[in-house]
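The values are calculated or read from the model by the stated rules, or taken from the named source; none is laboratory data. What you are looking at is a predicted structure, and each value in this text was computed from that prediction instead of being measured. Here the Cβ is made from the backbone with ideal geometry for all residues, glycine too, and neighbour counts use every protein chain on show.
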Amino acid sequence: MKEEKFNPALRFQWLTGFYDRLISLTFPEKKIKQQLINLVDPKGNERLLDFGVGTGTLSIMLKQQYPEMRVWGVDVDDRILSIAYEKVQHKVELQHYDGKNLPFPDDKFDVVVSSLVFHHIPTNMKAKILKEIFRVLKPGGRLLIADFGKPRTQYTKIAFAIFRRFDGEEQTRANAKGMLPYFIMSAGFSVVEEGEHINTAFGTISYIKAVKAASIEK
């Protein structure tokens, strides 16, 4: 079986160590992540998974604003996880995963968040991974995604077309066509809503909220 290839955070492994610095100079990362955090709406000491934790920036922001939440983070990239370990200082439980099967039991998390991850995932793996996220969410659990979506202006259309050449045209195809909500619904989520958008120098960031239906009492 062909092994699926996931792009590193900045396409090339040698750039991984410069990720935080380069992103802060070129992209409104904190603004994008804060908008995502605003959607979490925690209910007590919930369990949250940061899918594609990267260098840990989102997880750290979450713990600062919601210290009562228990936060886990997973990523396929060992090198970027090593940076995250240094930053989170044991405030977040970090784990490597194989890109296919999340290392958690069914119904573990109340919330799963993902920031700027799905445009790195090969198109034929997006549905598989979303089904894994569905599996580890509790009934009634929420999935919150911030990622590139269908461009909303002529400028962002051109900008994203250029960005896709750098980040991989195959991986970003579904994002460019605005198909992420379709993949999420196909994974089993009962409510899928695409809300606010932020136009950036590289394309349009879309926010998607999905809910796993609660179990029906018999």
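A few comments on the model shown:
- Test for V76: is it in contact with a strand residue (DSSP E or B) (Cβ under 8 Å, 6 or more places away or on another chain), crowded, with 20+ Cβ neighbours inside 10 Å and not hydroxyl-bearing (S, T, Y): no
- Filtering region 163-212 to residues that are in a loop (DSSP other than H, G, I, E, B), within 19 Å of G140 (Cα to Cα) and at pLDDT below 95 leaves only S190.
- Test for K131: is it in contact (Cβ under 8 Å) with a residue 24 or more places away in the chain, more than 30 Å from P67 (Cβ to Cβ), part of a helix (DSSP H, G or I) and charged (D, E, K, R): yes
- Of the residues making up region 134-157, those that are more than 23 Å from I32 (Cα to Cα) and assigned to a helix (DSSP H, G or I) are F134, R135, V136.
- Residues that are of a type outside the set (D, E, K, R), under 13 Å from P151 (Cα atoms) and out of contact with any His (no Cβ under 7 Å at 6 or more places or on another chain), drawn from region 167-179: A174, A176, G178, M179
- Inspection of region 45-56 identifies no residue that is loosely packed, with under 13 Cβ neighbours inside 10 Å, part of a helix (DSSP H, G or I), touching a strand residue (DSSP E or B) at 6+ places or on another chain (Cβ under 8 Å) and free of Cβ contacts under 8 Å to residues at least 40 places away in the same chain.
- Of all residues in region 57-82 being in a loop (DSSP other than H, G, I, E, B) and among the acidic types (D, E), the one that is modelled with the highest pLDDT: E68
- Identity of the residue in region 128-157, buried (at least 16 other Cβ atoms within 10 Å of the Cβ) and among the aromatic types (F, W, Y), that ends up nearest to the chain's Cα centre (by Cα): F148
- Residue that is surrounded by the fewest Cβ atoms within 10 Å (Cβ to Cβ), among those in region 158-196 that are more than 18 Å from L39 (Cβ to Cβ), of a type outside the set (A, V, I, L, M, F, W, C) and out of contact with any helix residue (DSSP H, G or I) (no Cβ under 9 Å at 6 or more places or on another chain): R165
- Scope region 150-162; condition under 20 Å from E196 (Cβ atoms) and hydrophobic (A, V, I, L, M, F, W, C); matching residues: A159, F160
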